[in-house]
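Scroll down for the structure; my scribbles are underneath it.
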Amino acid sequence: MEESSICFSTSETNDTNDTGESNNEDNVFVQHRSCVRTRICLIGDLQNDDRIVEAAKTFDVPIVFSETGSEFLNDGSCDTIFVTREFGGPVFDAIHQSEQRIVGPTVLLDCAEKKDDLPKNSRPQYCRAMLGLNICFTGFRKREDLNRLMQLIHFMGGSIRKDMGSKITHLIANSRGGDKYLYAATFRVPIMSEAWVHACWEQRNVVGMSAVSPEMMSYKHKPFYSAFVSFFGFPEEERQHMTEVLLENGGVAVDLEDPTCTHVVVDESAVQNVPEKTPAKAFVVKVEWFWSSVQNEACAAEKEYLFEDYLEELMSPQGKISSSPQSTSSASRARKRKRLRDGVRLVESPSIHKRRSSVSDAAFLSMSGSFLDCSTNSEKGALQNLELDSSIVTPQKGASPRHQVFLELVQTEQNYVGILHTIMMLFKDPLEEMTEKGDTLLNNTELKIIFGNLPPIYEVHSNMLLELRETALHWKEESSIGKIILKYVPELTRAYPSFVNFFENTKEMLVKCDQTKPRFHAFLKICQTRPECGRQSLQELLIRPVQRLPSISLLLSDILKHTSKSNADHSALEQALGAVREVMTHINEDKRRTEGQLVIFDIFNEIENCPPLLVSSHRSFIVRCDVIELADGLSGRGDSLVFFLFSDTMEVCKKRSKAFKSPNVTGSLHSMKMTKPYKHICLLPLSTIKRVIDIQETNDCRNAFCLRCRNNQEFSERQYSFAMADEEADKMSFLRTLCRQIANTVCRTDTESFFSTQDSSALDLDTSDVVYGSLSKAFKRTKQKVGRAFSFNKTPSKLKRAVSTMMSPFGSTSNLTPASQLAQMRLASCNNLNELGTSPVKSETSYVAPMSVQPTRKNKAPPLNVSSLRRL
């Protein structure tokens, strides 16, 4: 789009000179006025406005009144400031032509309120809505329209400049394109519509109104203003999404053959030729143009994203990049694409895949659909010398199976480090640089949650890759692979837990920012189109660290199979394999402890008057159980109680029928507060429980049990009897779990000594009304109100932080050392290594614990699975 054909005169546009100083004419004007007395003249009906008169009095100068002000025009004894409501007509023109100072009532009120001086230059000023703004125009062809806009801007205290520069605060555009438009888009100068000026003028009587308020900035031009866009080659779902984004950003979606079409956006990954029947004047651009415009909030320069240029780069012979005005950037991009294609051919070489082994699927878990070239940039860090080299990863004819599997390890490690390198250089570093420059897509907290735990992993694998590649360059059958792995086990142990523990937080924050921040969403889309990214989303790339250690474990296991016991590396490989599995066990246990501690905080917040000592770093949550008390030992016969079983104690609380709102002492509606759903009864240490008694099932006694406890204060024993709140609950599973925790607390191995089975008559327990009497009614009524039945994976409704839907593959079925025995107790949401090796890895796995009891009643809330709890 060509620039405006209207020429500005210096007197009309330049309010200040290049140094920012006032014009000489205004300086002379101010000096002349400073030598004489000042007075305020209220024109017309302003003399009857008490608010205006009171404001004028605050300046401590004489005040005169006049219908037209003509009698004061030629009075040189005073510097008269004329205040008029009309900025137009004979009265205004006569005063303005006499070069008198004119202000509007809004300026008078605003200056009086802020105790500022009235404007001292000769330019009329009605309000100060645009005070301090430097404005430039582009795309206007009608002089009368432009002159009117300039006049209104001056009346509102703004300044106008002819040329774009660092001092320009706003650009008013009547069309897309042009040098000024591109300058504003590049340096993020707001590009406004002419309606912005008119909207500000309509609000000129509002004291304190600002042209840069959020309300007025809504008149900012949207990126696709006056653009008619057609999408070509995209899947239907993606096309619909892009159409929605286009409409939100001021564009119009049209068909390819529509003569009004101005842009054709092409999916270059699916289209190999320029679409036929494209309108002659339409720009055919890559998808990156679309998302760059959204991110920058302005239409990007089409010439930088032309699809034809992309095809020319792709088809150019090696070393013969076509010369063009953008030859330098084109050649650079072509070289990057060549390296990417060479890398793909190398990785997909038949010599790599001709051997089929048990590890063939898992070996490439860390690879993307389009393999990444980790050396597309000579960035600082360990990757600057990691160029793909076929002599390193391509086995020679007759290579041993051990050598081939080792090359698979090197190749997958190289691809994995390439993915980490892409995340760091393509996503993390640009976002941090934009934040430092003030162009914030994500704040520091969001950046830390998403990327903060990744650098240590990137560093350790980059260093390990260098040693693996060195070994591959100087390969011998006696080369020690195990020693290299063992060297980096301590660093792997330190690097991975923080990433895995908070991976769910990372994913949730990424999804939240993607959905709520359009510019960040556009940034992710732009990165996804880059060849370095392999057309994978950031969320898909971030799952790779979770998958990498199981892949290394399987590859090491396969290398060990092909290493003879006489080889000096055999023993080191065994140690390395065991160490990697120990790392996975440590990560799994650390994740379990972390999630267990988060659960304790949530439980504490759910219980009214809960003792603070419940929250402890050495304590972990085990299970919850809903019961009905059969006696009056704790709360009362028939009351609904909840047991929160921990590793060394049990919180007993009463469950309220519902969490209701109640006013505070003032009784006002605004002071209503939510009552917690549970009320603390007692904290029962497991060391005080002497016996867990299972009451035999009869027709009138079901799901009942007793706890015989020692009362240390009274030196006596007390017996508490309960019944499960739901007949479908597994009573024996809870009782066995409780006995195991008691035994662990008192450091005993004979768990069965704490458990016994007795008849209700032997315990003097009256259960005659458990089913048929009044307690039966209370029991049934409570069942309808209970939120969920007893289960090993059920927690209060707000314990959402304990829910872990992520796939955690760090469970292990191997039992190499005593310290790794816990590896057989995998997380509820985990897949074991065998599953990872025989099926494609998914980013999420939904797992239902076998002890879950799904509710069947309408009044019951759906259960919430705590996937982080181990089934003991």
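Tabulated results
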{"item": "Only one of 193, 210 that is of a type in the set (S, T, N, Q) and touching a Lys or Arg at 6+ places or on another chain (Cβ under 8 Å)", "result": "193"}
{"item": "Residues (surrounded by 15 or more Cβ atoms within 10 Å (Cβ to Cβ) and at pLDDT 50 or above) located in the range 767-782", "result": "767"}
{"item": "For residue 638: the one exception among (1) on the phi > 0 side of the Ramachandran plot; (2) part of a helix (DSSP H, G or I); (3) not polar (S, T, N, Q)", "result": "(2)"}
{"item": "Boolean, residue 241 is assigned to a helix (DSSP H, G or I) and under 30 Å from residue 55 (Cα atoms)", "result": "no"}
{"item": "Leading residue by the ranking (modelled with the lowest pLDDT) among those in the range 756-766 that are surrounded by 12 or more Cβ atoms within 10 Å (Cβ to Cβ) and within 16 Å of residue 632 (Cα to Cα)", "result": "766"}
{"item": "Residues that are over 31 Å from the mean Cα position of the chain (by Cα), surrounded by fewer than 20 Cβ atoms within 10 Å (Cβ to Cβ) and farther than 26 Å from residue 728 by Cα, drawn from the range 609-633", "result": "609, 611, 612, 613, 614, 618, 619"}
{"item": "Some residue of the range 396-404 being at pLDDT below 65 and surrounded by 15 or more Cβ atoms within 10 Å (Cβ to Cβ)", "result": "no"}
{"item": "Residue within the range 596-605 that is within 15 Å of residue 683 (Cα to Cα), surrounded by 16 or more Cβ atoms within 10 Å (Cβ to Cβ), touching a residue at least 12 places away in the same chain (Cβ under 8 Å) and of a type outside the set (S, T, N, Q) present", "result": "yes"}
{"item": "Residue within the range 561-577 that is over 21 Å from residue 406 (Cβ atoms), surrounded by fewer than 19 Cβ atoms within 10 Å (Cβ to Cβ) and among the acidic types (Asp, Glu) present", "result": "no"}
{"item": "Hits in the range 281-307 - residues which are β-branched (Val, Ile, Thr) and within 15 Å of residue 234 (Cα to Cα)", "result": "284, 285, 287"}
{"item": "Filter pass, residue 528 being assigned by TED's automatic domain parsing to the domain that holds residue 435, under 30 Å from residue 286 (Cα atoms) and part of a helix (DSSP H, G or I)", "result": "yes"}
{"item": "Helices (runs of 4 or more DSSP H) (entirely within the range 44-134) containing at least 1 residues that are surrounded by 16 or more Cβ atoms within 10 Å (Cβ to Cβ) and in contact (Cβ under 8 Å) with a residue 60 or more places away in the chain", "result": "105-114"}
{"item": "Residue match in the range 696-708 (condition: farther than 16 Å from residue 741 by Cβ, in contact with a Ser or Thr (Cβ under 8 Å, 6 or more places away or on another chain) and of a type in the set (Asp, Glu))", "result": "yes"}
{"item": "Long-range neighbours under 6 Å by Cβ, at least six apart or interchain, first residue free of Cβ contacts under 8 Å to residues at least 12 places away in the same chain within the range 162-181, second of a type outside the set (A, V, I, L, M, F, W, C) and in a helix (DSSP H, G or I)", "result": "none"}
{"item": "Inter-residue pairs, beta-carbon under 8 Å, first surrounded by fewer than 16 Cβ atoms within 10 Å (Cβ to Cβ) and in the range 257-283, second at pLDDT below 85 and assigned to a loop (DSSP other than H, G, I, E, B), 6+ apart", "result": "257/277; 269/535"}
{"item": "Residue 207 vs. criteria not small (Gly, Ala, Ser) and not assigned by TED's automatic domain parsing to the domain that holds residue 154", "result": "no"}
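The rows are residues; the columns are (1) under 15 Å from the mean Cα position of the chain (by Cα); (2) of a type in the set (D, E, K, R).
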site	(1), (2)
448	yes, yes
452	yes, no
455	no, no
468	no, no
501	no, no
520	yes, no
530	no, yes
538	yes, no
549	no, no
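The values are calculated or read from the model by the stated rules, or taken from the named source; none is laboratory data. Just so it is clear, the structure is predicted and the values come from calculations on it, not from any experiment. Note: ideal-geometry Cβ built from the backbone for every residue, glycine included; neighbour counts use all protein chains shown.
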